[in-house]
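Take a look at the structure set out below.
Every number here is computed from the coordinates shown, using simple stated rules; none is lab data. A quick note: this is a predicted structure, and the numbers were derived from the prediction, not measured. When we count neighbours, we look across all protein chains shown, and the Cβ atoms used for this are built from the backbone with ideal geometry, even at glycine.
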Amino acid sequence: MKHKNYLLGFVLAAIVCCSCAHSSIGNLVGSDRDEHGCIGSAGYTWSYALHSCVRLWEAGARFDAGPEQVFLIYSADSTFAEIFPSSSKSVLCKRVKGTNVWKPRKGHEEVSIQNGVTCVKVNNYNYTRAND
């Protein structure tokens, strides 16, 4: 009788384990990687300026005195500045040689530094922030 109870318990446990394994495979936490391997649910997004996945609030400077929140990230050598508006895709700007101005290939966005103040022009608005 004891062997029948153990066998029945084993069979029931095997059925439960098999049914649970199949239902959760597609819903693993952190399985939402984008084309660059960044995990959006963990707050990561791809930065073309840094060529890596970043959390904007950790790697960038926040500009929030305007109609939307904007983050700004510079490449390690300051050749590129990348603007991250909350309402649209990021914009990669290249530094204009010999200046403190960064502009994209196309568009009207711009990053500039003058008298210790950084100005980010995006979506028809100028965001400013004093440099630390």
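Indicate the gyration tensor shape class of segment 62-131 (rounded, prolate or oblate), computed on the Cα atoms with a ≥ b ≥ c the square roots of the eigenvalues: a/c under 1.5 is rounded; otherwise a/b larger than b/c is prolate and the rest oblate.
Oblate is the answer for segment 62-131, as a/c is 1.5 or above yet b/c matches or exceeds a/b.
Considering amide H positions built from the backbone, and no H for Pro or chain starts, which residues 5 or more places from G60, or on another chain, come under 5 Å of its amide H?
none
Report ³J(HN,Hα) in whole Hz for each residue of segment 122-129, in order, from the Karplus equation J = 6.51 cos²θ - 1.76 cosθ + 1.60 where θ = phi - 60°; Gly and Pro get x.
Result, ordered by residue: 8, 6, 6, 9, 9, 9, 10, 7 Hz.
At R0 = 30 Å, how high is the FRET efficiency between E35 and A76 if r is their beta carbon distance? Nearest 0.05 is fine. Could the numbers behind the result be given before it?
Details: r = 23 Å, r/R0 = 0.77.
Calculated transfer efficiency: 0.85.
Hey, got the Cα dimensions of segment 34-95 along the principal axes, in Å, largest first?
Cα spread of segment 34-95 along its principal axes, largest to smallest: 30, 26, 19 Å.
Work out, step by step, the length gained on full extension between L50 and S87: first 0.36 nm times the residue separation, then minus their alpha carbon distance; give nm to one decimal. Can you show the working numbers first?
Details: separation 37, 0.36 × 37 = 13.32 nm, distance 2.11 nm.
Gain on stretching L50 to S87: 11.2 nm.
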